[in-house]
Amino acid sequence: MNKLVIRVMEGDRLSPDHGRMLGWQETLCYARGDGQLWAGQTVHVPIEHTGTASYVSVHWADVNVDVRLPINESVSAKVGDILTVLTVDTPIFRVGPQSGGLPPTVTRAPVSVNVRLGDLGAAGR
């Protein structure tokens, strides 16, 4: 499992000052081996400051990477509101494309597989 910090933000998601944070929540996500992180649970963010939610910041804490997802229709939020920003088993973070297959790995010593002669072949019972 990987830790994400989800922040509901007000303002322009491309702005260098990042806008103003309205609320946040930690959550866990998991990897399926498909280049994405998936929500391990539905994420509800408690609003701590009144404002207009315009985007969600998703911070993958383990590697210190942040993506900003726009909220299609801005939402007016007031203190005490709970916003649902992610639902369980949805892809929430896509890692960049692989540069190709993994390079081969070699051993640093000779490899031998020893099979006892009696272990070869079929056995009836």
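FYI, it's all coordinate maths here, none of it is from the lab. As the structure is a computational prediction, the values presented were derived from the model and not from experiment. In this analysis, Cβ positions are derived from the backbone assuming ideal geometry, glycine residues included, and neighbour counts consider all displayed protein chains.
If R0 is taken as 35 Å, the Cβ-Cβ distance between Asn114 and Asn2 corresponds to a FRET efficiency of 0.30. When Glu26, Glu48, Glu73, Glu10 are sorted by how many other C-beta atoms sit within 10 angstrom of their C-beta, beginning with the fewest, the order is Glu73, Glu26, Glu48, Glu10. State log₁₀ I(q)/I(0) for the range 61-100 at q = 0.17, 0.31 Å⁻¹ as given by the Debye formula over alpha-carbon point scatterers of equal weight, solvent excluded. Each listed q maps to, in turn, -0.74, -1.20.
Hydrodynamic radius of the range 2-97 by the Kirkwood approach over all distinct alpha-carbon pairs: 13.5 Å. Its Cα centre serving as origin, the range 2-97 has a Cβ charge dipole (Lys and Arg +1, Asp and Glu -1) of approximately 80 debye.
For the options Val111, Val43, Val65, a Gaussian network treatment of the chain with springs between C-alpha atoms closer than 10 Å singles out Val111 as fluctuating the most. Along the axis of the charge dipole computed for the chain (Cβ charges of +1 for Lys and Arg, -1 for Asp and Glu, origin at the Cα centre), the listed residues Thr84, Gly100, Val65 are led at the positive end by Gly100.
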